[in-house]
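**Q** Please read through the structure below; I'll follow up with questions.
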């Protein structure tokens, strides 16, 4: 399974690297969202700094929608789904590989957005341990959930409009957990944030297991 | 079992005039041509009767609350509707699991029907809840844990139904809907817990805790509410299920008709035998 996962992850990342959609479109878009938040809210830095955690994770979710949609689109063209079905790769491995590729893309975007938040919103970094752990857990949760729901809408004409409707309500707990954990870290009271990390880790494991189990059915059934 | 296609094919390709025959044609295939039956009519009459009883109990016979005055009467609809909203989600998830096991169209139809009825009751819950909130809390909406998670539940159901409504291959649609339906209850629980946790850190739950010692006529009214709403829920579910079943049958029938027509065009009238 892990070998299959590495193969699929490598393929997705290579496609991403060569098409440059993430670097040329998704990344600038996510920074644009940060700028739009500043337009929509008071450009008063104190307000932005106070809301930074929530705005950061909202921007991450928007960027994640695009990344997940991209990841689902890779399998739509040129009969890739049929090829995957016939390849004999373990469906759980395919799921893990796709989720891992999405997670890598998301981590890169989060890093960029993190720099953006520090520069644009004047956030002072604190509680690095909590930020890293919560960020990783939330990323895995978003990538696993997103890959599962991406498979649900893959190949549909309405993929791009249906995906946010299905995915965002499910990701609401991730948004809540990640925002609270970051707020606690930035406020200098990491003890408040660790329970939220537990929630994020639990969600990550839960959706990863659900996705690995369901992916075979989805791959075969459509 | 008569084969309705054999008569239709002679009139092909002018199949337009045959559309009206479809329900009867479906009935010929062993399924009811309409959604009513003796049992469901009795159920409907019982539901109407219990609604009348609920109106009497809720509006006339039960006393007004000491604190909430007459607005407490909304409870007799609100609380049962919320309960059956969750019941509908559970039925959807169980039916989805059964579909993934058995792959019989009935389970798929039940999952879809139940989600639709659940969405209706979610709307009733949110509607009566905000009407109740206005006099009690002074606002239609607060970011209370239960309100927020119910709103998210509504979007989960809307998403599920949106996926079901897509015009794609029925088997693929059923598979995807079943996976989504299977995740419905876990998602509802996760969203509910996390939102509860989120709000409890910030502020005390603003929902007035329902008085656990509801007594006398108010308790009777609430029980009548559960009965009436439960009967309405069941009646809606039965009928929605039958509509979904007829839709499934007619989809199959359309395919059979089209196949038979193509075969007739090709000049092999002996092949015109609808697969059972």
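**Q** If you fit an axis through the alpha-carbon atoms of helix A:45-74 and take the longest principal axis of the Cα set of chain A, what angle between them do you get, 0 to 90°, nearest 10?
**A** 10 degrees
**Q** In addition: Could you give the distance between the Cα centres of the stretch A:74-152 and the stretch A:1-34, to the whole Å?
**A** If you average the Cα positions of each part, the centres end up 9 Å apart.
**Q** Let me have the relative contact order for the stretch A:2-220, percent, based on Cα pairs under 8 Å that are six or more residues apart.
**A** 28 percent
**Q** Round to a whole angstrom and tell me the spacing of the C-alpha centers of the stretch A:177-222 and the stretch B:45-85.
**A** 41 Å
**Q** Cut-off is 10 Å between beta-carbons; in what order do B:71, B:194 appear when sorted fewest neighbours first?
**A** B:71, B:194
**Q** Report, as an integer, the average count of C-beta atoms from other chains found within 10 Å of each Cβ along A:150-157.
**A** Average per residue, whole number: 4.
**Q** Same structure, new question: Write down Rg/Rh for the stretch A:99-158, rounded to two decimals, with Rg from the C-alpha atoms and Rh from the Kirkwood relation over Cα pairs.
**A** So for the stretch A:99-158, dividing Rg by the Kirkwood Rh gives 1.11.
**Q** Take residue B:34 and residue A:29, extend 7 Å from each Cα along the Cα→Cβ direction, and tell me the distance between the two endpoints in nm.
**A** About 5.2 nm, to one decimal.
**Q** Using a 10 Å cut-off on Cβ atoms, rank the peptides B:102-110, B:167-175 from the highest mean neighbour count down.
**A** Result, highest mean first: B:102-110, B:167-175.
**Q** Using a 7 Å offset from the Cα along the Cα-to-Cβ direction at both residue A:107 and residue A:213, what is the distance between the two label points in nm, to one decimal?
**A** 2.7 nm
**Q** Could you give the angle, 0 to 90 degrees to the nearest 10, between helix A:159-186's Cα long axis and the longest principal axis of the Cα atoms of chain A?
**A** Helix A:159-186 and the main axis of chain A meet at about 40 degrees.
**Q** Shape call for the protein assembly as shown from the C-alpha gyration tensor, a ≥ b ≥ c root eigenvalues: rounded (a/c under 1.5), prolate (a/b greater than b/c) or oblate?
**A** oblate
**Q** Follow-up. How many nm is it between the label spots at residue B:130 and residue A:159, if each spot is 7 Å from the Cα in line with the beta carbon?
**A** 3.5 nm
**Q** How much mean residue ellipticity at 222 nm does the protein assembly as shown get from its helices, if each DSSP H run of length 4 or more adds -39500 (n - 2.57) and you divide by all residues, to the nearest 500 deg cm²/dmol?
**A** -26500 deg cm²/dmol
**Q** If you average 1/r over every pair of different alpha-carbon atoms in the stretch B:97-160 and take one over that average, what Kirkwood value in Å do you get?
**A** About 13.4 Å for the stretch B:97-160.
**Q** Hey, another quick one. Could you compute Rg(Cα) / (2.2 N^0.38 Å) for the stretch A:1-105, with N its residue count?
**A** Ratio of Cα Rg to 2.2 N^0.38 Å: 1.35.
**Q** If you wrap a convex hull around the C-alpha atoms of the stretch A:120-222 and split its volume per residue, what is the figure in Å³?
**A** 98 Å³
**Q** In degrees from 0 to 90, rounded to the nearest 10, what is the angle of the helix A:91-121 Cα long axis to the longest principal axis of chain A?
**A** Approximately 20 degrees, to the nearest 10.
**Q** Compute the projected area of the convex hull of the Cα atoms of chain A, averaged over all viewing directions, and report it in nm² to one decimal place.
**A** Value for chain A: 11.7 nm².
Read-outs throughout are calculated quantities, based only on the coordinates presented, and are distinct from any laboratory measurement. Note that the coordinates shown come from a computational prediction; the quantities given were computed from them, not determined experimentally. Note that we place each Cβ from the backbone using ideal geometry, even for glycine, and neighbour counts take in every protein chain shown.
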